[in-house]
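The values are calculated or read from the model by the stated rules, or taken from the named source; none is laboratory data. Just so you know, these numbers come straight off a predicted model, no measurement behind them. Here the Cβ positions follow ideal geometry from the backbone for every residue, glycine too, while neighbour counts run over all protein chains shown.
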Amino acid sequence: MPIKFLRIDDRLIHGQVVVAWIKNYSARRVVIVDDQVVKDEFLIDVMKMVAPSGIELAVIGTDNLQEQLPKFEEDKANTVILVKTPMTAKKLFDNGIAVKKLNVGGMGANPNRKQLYKNVSASIEEIEILEALEKQGIDVYFQATPSDKVVSLKHALG
């Protein structure tokens, strides 16, 4: 199972991801799953520049997940998957991703979201999706970096 880690982080590739998580999982590949980003060649080029040397970056949409996921899971390269929202994470689980843990990283504040934990805010719909995933047996947790304490969804919701 070379997909080692699935993280929600609306910043996608940034310092914590590049320095901490990729190293922690000895990742050789980062896959960004996002229907908007996959259409933005400029943003993809910028992210390729930010990605560490020797790390493959793939950007895919959600249309063909049933075809795409097995390729990453069967490959020997350790893979980290990044998504911006719980909705996209749900699509990955609905399409059979083998990993059964979901790290909730940065989800920025906006008028439709309330703060859940540190730099993580979520709308009512997003919270409902996270709770539904947990009910399906997915371990939903908050952890900014690998050295931080793991905080469960239930603890964050109070």
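Before moving on, here are some points about what is shown:
- Residue match in the stretch 129-140 (condition: out of contact with any His (no Cβ under 8 Å at 6 or more places or on another chain) and within 18 Å of L12 (Cβ to Cβ)): no
- Counting only strands (runs of 3 or more DSSP E) wholly contained in the stretch 55-131, the ones carrying 1 or more residues that are of a type in the set (F, W, Y) and either under 23 Å from Y141 (Cα atoms) or in contact with a strand residue (DSSP E or B) (Cβ under 6 Å, 6 or more places away or on another chain) (or both) occupy 114-117.
- Residues within the stretch 4-24 that are out of contact with any Pro (no Cβ under 9 Å at 6 or more places or on another chain) and in contact (Cβ under 8 Å) with a residue 12 or more places away in the chain, tallied: 12
- Filter result (under 21 Å from T85 (Cα atoms), in a loop (DSSP other than H, G, I, E, B) and in contact with a strand residue (DSSP E or B) (Cβ under 8 Å, 6 or more places away or on another chain)) within the stretch 22-37: D34
- Filter pass, V19 being among the β-branched types (V, I, T) and either at pLDDT 90 or above or closer than 25 Å to G96 by Cβ (or both): no
- Residues of the stretch 34-59 that turn out to be of a type in the set (V, I, T), more than 18 Å from L6 (Cβ to Cβ) and in contact with a Leu (Cβ under 7 Å, 6 or more places away or on another chain), as a count: 0
- Listed by first and then second residue, the pairs linking a residue in the stretch 85-110 that is modelled with pLDDT of 95 or more to a residue that is assigned to a helix (DSSP H, G or I) and among the hydroxyl-bearing types (S, T, Y), with Cβ atoms under 6 Å apart and 6 or more places separating them unless they lie on different chains, form an empty list.
- Selection status of V33, within 17 Å of M107 (Cα to Cα), touching a Lys or Arg at 6+ places or on another chain (Cβ under 9 Å) and either at pLDDT below 90 or surrounded by fewer than 20 Cβ atoms within 10 Å (Cβ to Cβ) (or both): no
- Among the residues of the stretch 2-21, just one is assigned to a helix (DSSP H, G or I), aliphatic (A, V, I, L, M) and buried (at least 18 other Cβ atoms within 10 Å of the Cβ), namely V17.
Matching residues to (1) hydroxyl-bearing (S, T, Y); (2) under 25 Å from V19 (Cα atoms); (3) within 12 Å of the chain's Cα centre (by Cα):
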position	(1), (2), (3)
G96	no, no, no
N112	no, no, no
Y117	yes, yes, no
E128	no, no, no
D148	no, yes, no
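- Any hit, the stretch 64-78, residues being without any contact (Cβ under 8 Å) to a residue 40 or more places away in the chain and within 15 Å of the chain's Cα centre (by Cα): yes
- Boolean, I32 is closer than 26 Å to E131 by Cβ, in contact (Cβ under 8 Å) with a residue 60 or more places away in the chain and within 13 Å of the chain's Cα centre (by Cα): no
- Taking the conditions (1) under 15 Å from D10 (Cα atoms); (2) surrounded by 19 or more Cβ atoms within 10 Å (Cβ to Cβ) in turn, A156 satisfies each one other than (1).
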